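Right, one structure below, let's go through it.
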Amino acid sequence: MTSVIQSSSSLEGKTLVLGITGSIAAVRCVELARELRRHGACVHAVMTQAAQKILHLEAMRYATGNPVITEITGDVEHVEFCGIGGKAHLLLVAPCTANTIGKIAHGIDDTPVTTFATTAFGSGIPIMIVPAMHESMYDHPIVIENTGKLTELGVEFINPVTEEGAAKIAAKEEIVLRVERTLGGKTLSGKRILITGGATAEAIDPIRILTNRASGKTGIELALLAFRRGADVTLVHRGCIGIQGLCEFNVESAKDMTDTVIEELGKGYDLLISAAAISDFTVKPSKTKIKSDKGVTLSLKPAPKLIKEARLKYPGLKIIGFKAETGVTEDELIESARESMESSGLSMVVANDVSRGGMGTEENDVYIIDEGIKKVSGTKREIAKEIMDKVEAIL
């Protein structure tokens, strides 16, 4: 079997059947299969005859490390993998043509992929479909009807990206993320979590802004991890990661972020994770560009405090805060975090000394402070995991 370097173990012990149909997007299945394997999955490819005209069998054998199934033989491959008690944990049809969507919706199994789908339906194995076709085909009312029918039957769709007149297959990273969510333990299923991330920006004039060095990576990693674990996630930040099923608000200033969060919390959330580096000060912006050959004096005024306003408006809400200091000792940093925790009634505080790194970097050293104190060093994804493990205990 060909090997891959694993980037995570999120799909360790999971067997996926990758059904490939006759879309030109089939060429992307090599990298998709490799990416699934990088997260620990065992992948077996099943290909229609139409798919084989686009993508060579040996390419998928290399990508999966397993022989490719191209027909149903006396080994009853569909039962082996997707029958009751079969090896597969998920049937992922990617790419899926309009033709195959129609066949699956009407119980027609005249290709290996549709036979696997029929068997998976009968045994309760989850089915995930990633459509790819011309835009006009995707918008066909019968295709829409078939998609709706399958959705009602429990099939999960990962919507395509529409551009250049085509409904193109979703990015491999998004497909993997959705697979992780489907096959994960769903330890946060039913929980609603709102996360803020990154820097805010205060307008000086129509061109210039005041901001800080925060990259927003921690907020994004927290949002993705909560999503993987089954939570309903809302991310408020200056940016867009564009993951289906993950709600995002793009905001600019501290006031924008605070107003958006306060309004959104009114819809009912179990937890607020305030990971954003919100501006402490704002300015009254000039309506026109300030001339560069003139001296400028900026008059700063305090920006709204998100956690303070959230606590006043929603006194029973669980909140996790972040505390950044510079040039302090370990004891001083922890004491400052404890003071924030007590004054705002926080469930947990994540603290670090940014003069030693962490702001805008890939890695960080933080202290997670709740009933106890835990120092965590590593990538922001690794730190997010430590935080989210504690979130499960809080919720």
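FYI, it's all coordinate maths here, none of it is from the lab. In this text, all values refer to a predicted model and were calculated from it rather than measured experimentally. Cβ atoms come from the backbone with ideal geometry, glycine included; neighbour counts cover every protein chain shown.
Things to note:
- Selection from Ala120, Gly85, Ala25, by position along the positive dipole direction of segment 15-183 (Cβ): Gly85
- Segment 192-394: equivalent-ellipsoid semi-axes (sqrt of 5 x gyration tensor eigenvalues, Cα, Å): 28, 20, 17
- Approximating the spin labels as points 7 Å out from Cα along Cα→Cβ, the Ser286-to-Ile24 distance works out to 5.1 nm.
- Rounded to the nearest 10 degrees, the inclination of helix 112-123 to the longest alpha-carbon principal axis of the chain is 70 degrees.
- Segment 192-394: relative contact order in percent, alpha carbon pairs under 8 Å with at least 6 residues between: 21
- Each Lys and Arg adds +1 at its Cβ and each Asp and Glu adds -1 at its Cβ; summed about the Cα centre, the chain shows a dipole of about 680 debye.
- In degrees, nearest ten, helix 29-38 long axis to first principal axis of the chain (Cα): 60
- Between segment 333-377 and segment 25-52, the alpha-carbon center distance in angstrom: 42
- In degrees, nearest ten, helix 172-183 long axis to first principal axis of the chain (Cα): 80
- Taking 18 Å as the straight-line reach from the Cα of Lys267, the aspartates and glutamates in range (excluding those fewer than 8 positions away in the same chain) are Asp232, Glu248, Asp256, Asp259, Glu309.
- Each of Gly245, Leu153, Thr329 was placed along the dipole of the chain (beta-carbon charges, centred on the mean Cα), and the one lying farthest toward the positive end is Thr329.
- Zone residues, segment 177-210, relative to Ser299, backbone N less than 14 Å from point 7 Å out along Cα-to-Cβ: none
- Sorted peptide list for 64-74, 27-37, criterion being average Cβ within 10 angstrom, highest first: 27-37, 64-74
- Charged side chains reduced to their Cβ positions (Lys and Arg at +1, Asp and Glu at -1) give segment 15-183 a dipole of some 360 debye around its Cα centre.
- Pairs from the list Lys301/Lys385; Lys191/Lys380; Lys318/Lys380 with a Cα-Cα gap above 30 Å: Lys301/Lys385.
- In sequence order, segment 65-81 has phi-based couplings of x, 9, x, 8, 8, 10, 7, 8, 10, x, 7, 6, 4, 5, 6, 4, 9 Hz under the Karplus curve 6.51 cos²θ - 1.76 cosθ + 1.60, θ = phi - 60°, and Gly or Pro positions carry x.
- Segment 134-234: GluC sites (Glu not before Pro) in DSSP loop, at most 13 other beta carbons within 10 Å: Glu164
- Estimated 222 nm signal from helices in the chain, with DSSP H stretches of n ≥ 4 weighted -39500 (n - 2.57), rounded to 500: -10000 deg cm²/dmol
- Where N is the number of residues in the chain, Cα Rg divided by 2.2 N^0.38 Å: 1.15
- Partner aspartates and glutamates for Lys149 [C-alpha distance under 16 Å; skip if fewer than 8 residues away on the same chain]: Asp139
- Highest-fluctuation residue, Thr288, Thr111, Thr21 considered, GNM on the chain with Cα pairs under 10 Å: Thr288
- Over 23 Å (Cα to Cα) - which of Lys217/Lys291; Lys103/Lys186; Lys14/Lys103; Lys217/Lys375; Lys217/Lys255 fall in this group: Lys217/Lys291; Lys103/Lys186; Lys14/Lys103
- Top of Leu222, Leu55, Leu210 by mean-square fluctuation, Gaussian network on the chain, Cα under 10 Å: Leu210
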